[in-house]
DNA sequence: AGCCAGGCTACCG
DNA sequence: CGGTAGCATGGC
């Protein structure tokens, strides 16, 4: 097991602190920001919170979380942030509610498909394969749901993770999803809290240094590590 | 004013 | 079967 990834993880954690993913509306408090619960790896504690993570995982596909927050707010205010109520919305009502998160035509369909799937589980943990059979759920969404909603040790790979892995010379730019997932999983202790935290930290770090225009102009990861270690 | 966001599906060659 | 256009709004 190559310890490099663990060193990176420790460095990111020390620098940014625990991120408190996945944010939940049930944890939003006055004066605190957005339902994050840094250092607390016990959530979700209810089926409803698990369901909300599924909804968020679909809404955030290629979309910023701030936009997703407003879509979720809309659903909550409509009393539709639960499986039965969401399914009872008309397609146009649902689309209107999630509009801020973009791609609302397909996401409305995906949400209903995922909701039916969730209800069919009746509190059981889904397999990765079953999740992938749901229209609108691909590799990253499936792993996000398994890791954050069901506390299964599945490492989540996203575009940011790919960029960082490339910057670290850990992978080729054209590395496939499963290949990169395996690289992380085979070089880290199989620990749900660690997987959750590491992914969130990679996103946080990449947003600052590997997103948009920052990609070209920012310091390299190596420089960053040298600076904080 | 553009480029980008915590991707996925369908379709193309 | 690998590659990519299309999906859409909001933030910076």
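Listed here are the residues, each with its yes/no results for (1) modelled with pLDDT under 95; (2) over 25 Å from residue A:207 (Cβ atoms); (3) out of contact with any strand residue (DSSP E or B) (no Cβ under 8 Å at 6 or more places or on another chain).
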| site | (1), (2), (3) |
| --- | --- |
| A:28 | yes, no, yes |
| A:40 | no, no, yes |
| A:43 | no, no, yes |
| A:67 | no, no, yes |
| A:71 | no, no, yes |
| A:80 | no, yes, yes |
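Filtered by the rule that a residue be surrounded by 13 or more Cβ atoms within 10 Å (Cβ to Cβ), in a loop (DSSP other than H, G, I, E, B) and without any contact (Cβ under 8 Å) to a residue 40 or more places away in the chain, region A:39-48 gives a lone residue, A:43. Just one of (1) surrounded by fewer than 18 Cβ atoms within 10 Å (Cβ to Cβ); (2) free of Cβ contacts under 8 Å to residues at least 60 places away in the same chain; (3) over 18 Å from the mean Cα position of the chain (by Cα) fails for residue A:67. It is (3). A single entry from A:181, A:213, A:135 fulfils the requirement of being modelled with pLDDT under 95 and within 15 Å of DNA strand B (Cβ to nearest atom): A:213.
The values are calculated or read from the model by the stated rules, or taken from the named source; none is laboratory data. Fair warning: this is a prediction, and the values are worked out from it, not measured in the lab. Cβ coordinates were reconstructed from backbone atoms using ideal geometry, including for glycine residues, and neighbour counts include every protein chain displayed.
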